[in-house]
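Below: one structure, written as structure tokens.
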Amino acid sequence: MPHVDLTIEICGMSGDGTIAAGALLNGALSRAGFSLMAFDSYPAEIRGFGRCVTRTRVGVEEMVALTSETHVLISLDDEQSLSRIPFLARSATVFFDNRPPSYVPEGQSIAAHVEPHITLLGIPFGNLAAEATGTTRGRNLTALGAFAGAFDLPSEPFHEVIRKKFDPKGEKVAQANIKSFDAGVQYAREKLDPSIRGILSLPQKTMEKDDRELLSGNMAIARGALDAGLKLYFGYPITPATPIMEYLAKVLPERGGRLLQMEDEISSIGAVLGSFYAGSRAMTATSGPGLSLMTELITHGVMAEIPAVIIDAQRGGPATGLPTKSEQSDLHAAVFGGPGDSARIVIAPTNVSECYEYTVKSFQLAEKYQTPVIVLTDFFLDNRVENVSMPHAAPEEISDGNVYPDPALKGHYRRFERTESGISPRSIPGMEGFIFTTTGLEHTEKGIPDYAPQNHMQMSEKRHRKITGALAELPVPKEFSQKESLDVGVIAWGSTFGSALEAVRKAEKKGIRAGALKITSIFPYHADSIRGFMERCGEILIPELNYEGQLANLIGHLFGKEVTRLNRVTGEPFPASIILKKIESLVT
Amino acid sequence: MKTSGRILAEKVSKIKNSDVFSIRSHNLPTWCPGCGYFGIHQGLNNAIQRLELPHHKTVTVSGIGCAGRYPFFANTYGLHTVHGRALPVATGVKLANPDLTVFAVGGDGDGLGIGGGHIPHIARRDIDVTYLLFDNSIYGLTKGQPSPSSPTGFKTKASPYGTTEAPLNATLMALSYGATFVARLFAGDPDAITDAIVEGIQHKGFSFFHIYSTCVTFDKQFKTWDHLHEWVHPLSDEHDPTNLKQAMNEALEDHFSLGILYRRQKE
Amino acid sequence: MPGPHFVVIGNGPAGNEAALTLREKAPDARVTIITRNLGGSYRPHLIPEFIAGNIPEKGLFAVTPDTYTEKNIKFRHGQRVVDLDPEKKTLTLDHKEVIPFDGVIIAVGGMPRIPEYLKVFEHSMLTLKTMEDARRWISTLAETDSVLLIGGDLTSLAVTKALLSLGKKIYFMLTEHAFWPLRPDEALFAEVSDRLACKGVDVISGKTLEGLASTSENSFIVRFDDRRELEVGMIGAFFGLAPDIGFLRRSGIRMDRGLLVDEYLCTGFEGVYATGDCAQIYHPELRDYWVSIGYANAEVLGRTAANNLLGGKDQTAVAAESIFEAEGINVNTSWWMEF
């Protein structure tokens, strides 16, 4: 099977239809049977004057990370595209509009800036679109068509996605867009030097088309929650979690549920706790600043042993931080945030499929272990799109996780009974004979506030034993290696794991004995598994998108000596190449 | 002939065998003797009994403070949550299971201070929760600091020179937030509380109860039993509870007229 | 203060040498070399050897794009100059980028020409100048055994040699435009004919082409005025090069067939020079213009233009009669010819 691994970027100014073109490209490539991962950059401010860049990595094998290099750049606005030039691979191809509406001074065309080894293809996007449809509006699609034509991609998948997007707006609109696209294809096929085109040809689709769907991390989370039987959502707008709320706002009512945009994050988590207390699954999604507001009620949930599901979509911090940049710096807050010994469950998916799976899982975990469960994602994971086989939750994964009291206990019920597992069966309002009051005060087994020394010791021990017991059901660390004894073990979490895996695979190809360990249960963590992996490694490298090395702080002590930290807070996804360089430096 | 002791014993036995106390939990209230909250407690309990609300289908949600202790003393499901957040939690409970009768209780510090930001929103959402705001104009549990409803010049350990802020008017606030049922009551008249709460429970929507009380331990100057008995009086018979403007005017001009000030007609 | 901006248009032997010289002699200047072709500077005279398979493609290139990068010369290939204003000192690229310069050297060379009367058959004939042409020749030659060469410039002689080494059957139609731009005299004509015939080439002279039809992709039937018909696999046209200066027609630069320059290669506009195949150079002694042919000359002219742009006063050392060798024949080249 021919190897395909191409990164395509479309770059333009807001208003150029950059993001729309990127979405159509992703849809078409997915339909054509390729595997892809895509991630867009938008202007941060609402007025949105600024650069838009779509990035799509497309290939035959499963994509686990983005590349640092771009192989194809489609420039819808040369001035904006200049910023992408440093990332062009040596053999890259750049498409640009060689008939701009007016003359430009030296240096304002991208042609002035590309290195000679770049293939520069000038295509009159605007003129072609105008000829085909009477307006230059479709020039973004013409540019896409030029790319498709130059790379010998079939037009059908593109036509399908264009129709799917524009048919709701009417046949005329759909047709105009198809014409714009076709104009680009035709020009590329007829006018571009065949010798160049020949070199660029992608093989036709090489994978069987299955039921793959383009899904972002956020959408996977929303779908997971719905499939798990979510009935109530309480949330507050915050980047990058808002799309979850907006999607559920539309779909929940259709399924008989309800969504309330609350007045703040505090009331959001309050309502989620109230809902679970009363026996109904609820969820809230937020980011760092919102998580910090929720802290008090989260620790209340821990003490009062009330379930909750909280999605923390991490972004640049601290405080308001960098709302549209990716980071993994809420680990400390999620695991330790809040006064007292308030251990709770924290899990972190590493890709879109896991976003779905872990969201589904979190409801059962929350119910069974009667605790808030925090699912940590990050801006990159939330907003990136992968084409995944449509996930489906099995019935046993979404069934009621609550442990109910034995009916025989009616009238003698002790809500916080110290059991062997630490899980005290809980009743739900409506159950006769099992009335109780929860409280954030330390309490007896019956739930009466109590400050006696022995009681606090025992209840603390019970609560922690309960959480530790969840280890048996939490996803275990997964190793990716080919050798028993490794020179470098890379341990990573969240979206950074994909980059780590890619780096490790490249290192292996270079003959380095490297391996990767994926950690998705942040707390409690599987200390024995992790230690077992570490013992087989000469060095341990922990790359993270945070400054303080938060995972390293958590598990670093399990290693016999100092772990090697690799910290990065540039706001961009962790480049695999940087991890690879570090691996190499550790073995020389 | 029955001795007085015997008569008393019979009365007690009768009461014990009735289900009047069934609403009370086994925990004795921790309020100070003479606290106005006993009156509110009695008023609410009687309302629940009168409506024959199943105790296991009743949920009381509270914040932090003396008033917040309420759920422990009631034989209902209870949620003693954190300071100021009873209303959102109550929202979650009610939406999760609309068959439950949900009460939210809290003091003036809990409700008008830290929790003040939640009242407008549960009111505008008109969630079917009954909220009792026990207003004794002081932070009692933490031993006597001024609260958002304390009068200007109120002297406490935390305000030795007297407070400088103007007090909030909880009834007026609730009305301006769009609450669809607003009543103002007094802990010294449990029966009136019972009557009003019965109506509030039956009202399909958010019902707000602003209930004046004393703090016998820490407030010897403002809301004492003597003062309150002197100040309070019933709403005039001409008061039209369906007229919002009139209700707001009433709340603004007269802080101690008691009764159901406003009740929105449901279509 | 940024240095001056010097631009060279064309990266054949003349343009390439001009750019390298400018870079060497003016280290602080910005140097840009623009060509509409793709790829580094190749040696056109080696193309016949290349199609014969005697040298690899890599061996054709004197300079690769990386060389320009290393020497800090901005290399804009695949970009075409469509306009030049010698007074404003700006040039405009095809994609509407306007580039100001302090000095420009025009070294666009020439493109193969097909005389008017044969233009009707243009699509069936292959010319040979660019790398693209060369690749097309190679792939076509792989499918055919017989070749008809029409015309007879210097390149055609080198191509004949190459095709003979590949074992192809060659027909050579010498026309009066043979050895253009040289004026052939009868003796020369005859000598060339003989030499070709000696090598096994079928020489056709004194005839005109009347018809040409393609019977299939690599098969043509050619008809001469004497009714003789010939079946061949491919046809090559070799009528010399016409300076490729059409884009300068409105610029104000004086031109005849090529750009007219003085003995220092200057067009008359300060800072605007032309060199190589596209220039007609004034010879003070002859008081007429002459054209240079051959890559060695081109390289020298490129260097000269660069030196003069930087303030030098070099003249190309060309005697009134200049002599060069082609296939063992001495040829006079000093006279410009009407064609």
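None of the figures in this text is laboratory data; all of them are computed from the coordinates on show. Quick caveat: nothing in here was measured; it's all calculated off a predicted structure. Note that each Cβ is placed from the backbone with ideal geometry, even for glycine, and that neighbours are counted across all protein chains shown.
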Leading residue at positive end of dipole, the protein assembly as shown (Cβ point charges), from B:N243, C:T64, A:A111:
B:N243
Charge dipole (debye, nearest 20) of chain B; +1 at Cβ of Lys and Arg, -1 at Cβ of Asp and Glu:
960 debye
Can you work out ³J(HN,Hα) from phi for every residue in the range A:386-400, in order, using Karplus 6.51 cos²θ - 1.76 cosθ + 1.60 and θ = phi - 60°, giving whole Hz and x for Gly and Pro?
10, 9, 10, 5, 3, x, 9, 7, 6, x, 5, 7, 10, 6, 4
Using per-residue counts of other Cβ atoms within 10 Å, averaged over each peptide, order A:450-458, A:438-446 from highest down.
A:438-446, A:450-458
Compute the long axis of helix A:171-191 from its Cα atoms, compare it with the longest principal axis of the Cα atoms of chain A, and write down the angle in degrees, 0 to 90, nearest 10.
60 degrees
Taking the Cα centroid of the range C:214-260 and of the range A:396-448, what is the distance between the two, rounded to the nearest whole Å?
97 Å
Pairwise centroid distance, computed over Cα atoms, of the range A:302-354 with the range A:53-99, Å:
33 Å
Apply the Karplus parameterisation 6.51 cos²θ - 1.76 cosθ + 1.60, with θ equal to phi minus 60°, to every residue of the range C:130-145 and state each ³J(HN,Hα) to the nearest whole Hz, in sequence, with x for glycine and proline.
9, 4, 4, 4, 4, 5, 5, 4, 4, 6, 6, 4, 5, 9, 10, 10
Averaged across the residues of B:71-78, what count of C-beta atoms belonging to other chains lies within 10 Å of each residue's C-beta?
5
Over chain C, relative contact order from alpha-carbon pairs under 8 Å, at least 6 apart, %
20 percent
Using +1 on the beta carbon of Lys and Arg, -1 on that of Asp and Glu, and nothing else charged, what's the dipole of chain C about the Cα centre, debye to 20?
840 debye
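Arrange the peptides A:486-492, B:196-202, A:18-24 so that the one whose residues have, on average, the most other Cβ atoms within 10 Å appears first. Write out the running numbers ahead of the final one.
Numbers: A:486-492: 25.9, B:196-202: 19.9, A:18-24: 22.9.
Ranking, from highest mean packing down: A:486-492, A:18-24, B:196-202.
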Shielding by partners for B:56-66, please: the mean number of other protein chain Cβ atoms within 10 Å of each residue's Cβ.
3
For C:K89, list the lysines whose Cα falls under 26 Å from its own Cα; do not include residues on the same chain fewer than 8 positions away.
C:K25, C:K71, C:K74, C:K313
Inter-label distance, nm, simple model (7 Å from Cα along the C-beta direction), A:T570/B:Q246:
7.1 nm
Sequence ranges C:145-156, A:418-429, ranked by mean other-Cβ count within 10 angstrom, highest first
C:145-156, A:418-429
Please get the size of the charge dipole for the range A:214-398, origin at its Cα centre, with Cβ charges of +1 on Lys and Arg and -1 on Asp and Glu, quoted in debye to the nearest 20.
300 debye
Considering the options C:V98, A:H464, A:I238, tell which one lies farthest towards the positive end of the dipole of the protein assembly as shown, charges being +1 on Lys and Arg and -1 on Asp and Glu at the Cβ, about the Cα centre.
A:H464
When Lys and Arg each count +1 and Asp and Glu each count -1, what net charge do the other residues less than 11 Å away from C:P112, Cβ to Cβ, add up to?
-2
Under a 10 Å cutoff between Cα atoms, tell me which one of C:D314, C:D244, C:D277 has the largest fluctuation in the Gaussian network model of chain C.
C:D314
Along the dipole axis of the protein assembly as shown (charges at Cβ: +1 for Lys and Arg, -1 for Asp and Glu; origin at the Cα centre), the most positive-end residue among A:V64, A:S275, A:A576 is A:S275
Just tell me which lysines come within less than 29 Å, Cα to Cα, of C:K119; anything on the same chain fewer than 8 places away is out.
A:K191, C:K129, C:K161, C:K168, C:K169, C:K207
Between C:I114, C:I281, C:I221, which gets the highest mean-square fluctuation from a Gaussian network model of chain C, Cα cutoff 10 Å?
C:I221
Checking the cross-link filter: which lysines have an alpha carbon closer than 21 Å to that of B:K94, excluding same-chain neighbours under 8 positions apart?
A:K231, B:K57, B:K204, B:K266
What's the angle, to the nearest 10 degrees (0 to 90), between helix C:186-198's Cα axis and the longest principal axis of chain C?
60 degrees
Can you give me the convex hull volume of the Cα atoms of chain A, divided per residue and expressed in Å³?
165 Å³
Counting Lys +1, Arg +1, Asp -1, Glu -1, what net charge surrounds A:G469 among other residues with beta carbon under 12 Å of its beta carbon?
+3
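Take every Cα-Cα pair in the range C:32-82 and report what % of them are more than 14 Å apart.
Summing the P(r) tail past 14 Å for the range C:32-82 gives 55 percent.
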Per residue of A:95-106, other chain Cβ atoms within 10 Å number on average 4
